Every structure is written in structure tokens, then in C-alpha cells.
Amino acid sequence: MIVSWQTIAVIVLYMLVVIAIGVWSTKRVSSMRDYMVAGDGFGRWVVSFGIVGAIVSGAGVLGNAGSGYGTGYALYVQTMGLSFLGLTLAYFLLAKPMTVIAKKHEVYTLPDVLAVRYGDSRAVRILSGLATALGSLIYLVVQFVAIGYIGTTIFGWSLGLSLFVGGAVVVAYCVGGGIVAAMWTNFFQLIVLSVFVVYFAVYTVSQVGGLTALHRQMAEIDPELVAPWHASGAFAWQNVLVYAFFVGLLAYAGVPHISTKFLTIRNLEVIRWIPLISCFLYLFAVAATWIGMAYRVRAEQGLAQPVAGPTRCCPRS
Amino acid sequence: MFGLPAVTALFVIGGFVAAVALSILFALRFSADDEEWVTLDDLFRRS
């Protein structure tokens, strides 16, 4: 695909900024504690942006836009219907005890925390290490799918080259600065993603006449597009509700890329408002879904080109 | 609401509203200096 020099310039600029954040972070890291849990820790804004930025990222933008295009609200209800409650539940359950443990003990990882809580046995270390690796692996696959999509779609690179370049940038900003670099790049990325998604959501939804008109037109195309689940198939009510309960509501308290960030909270007072801030930051995931839905309506009306698959519904021009 | 069926609106809008309400309640009731957390070590098994 031939892309404009402006597009390439914006992407190169973005990559340079995250690498610059990584380089800047290395100067703030002088000990293992700085590298793993950010020394004295962060305040409420960096923690909130760091956690929500880690959750949404590529899956939140490309995935939710694709789910809106492909299934209407069914996949959204399945993955996001209880996720606001799930995220706040994770804060309610874990933020305070993990902050206290991080301040009282020399803990850097989730296995360290569990060793403090349940005793430092080999079984605790192995099981928690395996769970952390498995949870991170599954989550990272989604992120690298998104990286591969960007490289193949915008630059026309092969999937291997896309993953190599994207992976190299991620490694460049993470290795030197540790958790400091990760939290600040999440902060920057979430701002960029929010601006992008809110702009396109307002633009695409206004093109179909607003949110109520969007839902009415979706129902005219297929009533299942506005239903919380479908009559049968992968999005039958049983599948949607079971997934929403176990993954949307309960899993946030168990995933390592959230829980380890609780170790970077500066003090207990920081915890007070981060659930509320995070709820509002997470809202833009809904807006990403509306982009896909609005594009689906436009495509059904013959006003936009149908896309080859749900992951390709973000408008590019 | 916004032309959505009631059950869909419950998940899309209700989940967010409930989370915000709980978060406000959490913030108002949260204590950063309660005594029980000072002795947290004693609550944990260490071996």
C-alpha cells in the first residue's frame, strides 16, 4: 500500500517520542527498586493512565471497532459489559493490600507478593511465575497482532518485518527504563489513542445522524446488531454471560499487567480516586465500538466500502 | 436509552454508571491511615 509522507511522518514521530520516553526513564532509574516498582512510586494520574493504557491499547481500539462492525453490541457486552465493574473490583480488592506489601517488603513482582502472603515456597514461586507468564503471553499475542496489523496495512510490510520493527521499538523503550518507561509510555499512548478514538467516533457517528439514529439504522439492518446477544451461535446468551462474568468481571483482579502496577502506587492516599478516574478513561473503549458500528451502517447503505474483515473497519481516509 | 433495547442499555450504560457510583462510594469511605493496616504483617503466614 502506498501511504502519504504525512502518515509516515506521524508514525515515525510517535515511535521517536516513545523511545525518547524510554531514554528519559533510564536516567530516573538507579536501582532495582526504581526499575521494577518505580522507587517511591507514582501519583493517581500516572497510575490510572498506566493501568488503563495497559488494558485498552491495540485490542481496545482495533478490537472494539471490529466487534462493533462485525457483531454490533454482542461482543461488546461479552467482553466489556461487566468490565467497568471488573476493573473497579480489582482496585477495591488489591490496590490497598498490594501497596502496603510493597511499602513494607522488598517485593518487585507478583510472585514476590504471593511469597509474602502465602510463604516463600518453591510451589508458590513456580505456580505464580507460570500463571504470570501464561497470562502475559496471551495478552501480548493480542498486542503483537495489532502491531502486525499496523505494519502490514499502513506500510505494506510483511508480517515478520512488522513484528520485528514493532517489537524492537517496544524493547527499546522498555528495557532501559523498566516500569518507569512502561507507565509513562502508557500515559502518552492513552492520550494519543483517546484523541484518535474520540475524534473518529464523533466524526463517524455524526455522519449517520447521531447515536440514537445509529442504533435505529443498525436495528433496521439486523435487529441482532443492537441486541445484547444473538439467538444462536458464538454469541448466544449463555456464551456472552459466562464470558462477561468470568473474564469481564473477575479477570481484571488476576491479570499481571494490572496487579503489578499496584506496586508502583506512591502511598495509600493515591488509591482513593484511581477507580473513578479509571472508569472515565476506560470510556473511550465504548467510543471505539461506535466507530465500527457507524462504518457498518455506512457500508450497508453503500456509502462506504465494505471491509474485508472486522479488524479493517477503522477509516483510513 | 439512545434507541437501545433495555437489556443492552443495562450492560452498556448501566455497567459504567454502577462502577462510577461504587467508585465514588469507595473514595468517600476510603481510609488511608486505619490502624488495622499497621499490623498487616501479623495477618500473613510467613512459612
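Miscellaneous remarks
- Search result, residues across the stretch B:3-24 that are at the interface with another protein chain (Cβ under 7 Å from one of its Cβ atoms), of a type in the set (A, V, I, L, M) and over 22 Å from A:Ser278 (Cα atoms): B:Leu4, B:Val7
- Test: residue in the stretch A:288-308 that is within 12 Å of chain B (Cβ to nearest Cβ), within 14 Å of A:Ser83 (Cβ to Cβ) and under 20 Å from the mean Cα position of the chain (by Cα): yes
- Qualifying residue in the stretch A:177-188 (condition: over 17 Å from A:Ser57 (Cβ atoms) and without any contact (Cβ under 8 Å) to a residue 60 or more places away in the chain): no
- Conditions (1) open to solvent by less than 40 Å² (accessible area, probe 1.4 Å); (2) under 22 Å from A:Val77 (Cα atoms); number of the one not met by A:Ala182: (2)
- Yes/no for A:Val226 being open to solvent by less than 50 Å² (accessible area, probe 1.4 Å), within 14 Å of chain B (Cβ to nearest Cβ) and either touching a residue at least 40 places away in the same chain (Cβ under 8 Å) or under 26 Å from A:Leu303 (Cα atoms) (or both): yes
- Per the conditions (1) within 30 Å of A:Ser30 (Cβ to Cβ); (2) open to solvent by 60 Å² or more (accessible area, probe 1.4 Å), the sole criterion not satisfied by A:Tyr199 is (1).
- Only a single criterion out of (1) open to solvent by less than 40 Å² (accessible area, probe 1.4 Å); (2) closer than 23 Å to A:Ser194 by Cα; (3) more than 14 Å from every other protein chain (Cβ to nearest Cβ) is not satisfied by A:Val37, namely (2).
- In the stretch A:210-315, counting only helices (runs of 4 or more DSSP H) that sit wholly within it, the ones holding 2 or more residues that are more than 15 Å from A:Gly68 (Cα to Cα) span A:211-221, A:237-243, A:256-259, A:268-271, A:274-282.
- Of all residues in the stretch B:25-47 being within 7 Å of chain A (Cβ to nearest Cβ) and either modelled with pLDDT of 85 or more or open to solvent by less than 60 Å² (accessible area, probe 1.4 Å) (or both), the one that is nearest to the chain's Cα centre (by Cα): B:Phe26
- Index of the failed condition, A:Val171 passing every other in (1) open to solvent by 60 Å² or more (accessible area, probe 1.4 Å); (2) over 19 Å from A:Tyr35 (Cβ atoms); (3) in a helix (DSSP H, G or I): (2)
- Qualifying position, being farther than 23 Å from A:Ala181 by Cα and more than 9 Å from chain B (Cβ to nearest Cβ), among A:Ser48, A:Ser57, A:Ser67: A:Ser67
- Close pairs (8 angstrom Cβ cut-off, 6 or more residues apart or separate chains): open to solvent by 60 Å² or more (accessible area, probe 1.4 Å) in the stretch A:231-242, in a helix (DSSP H, G or I) and of a type outside the set (A, V, I, L, M, F, W, C) anywhere: A:Ala231/A:Glu224; A:Asn239/A:Gln78
The values are calculated or read from the model by the stated rules, or taken from the named source; none is laboratory data. Keep in mind that what you see is a predicted model, and the values were worked out from it rather than measured. So basically every Cβ, Gly included, is an ideal-geometry build from the backbone, and we count neighbours across all protein chains shown. Each accessible area value is taken on the protein alone, full model and side chains, heavy atoms only, with ligands, DNA and RNA left out. Shrake-Rupley method; radii C 1.70, N 1.55, O 1.52, S 1.80 Å.
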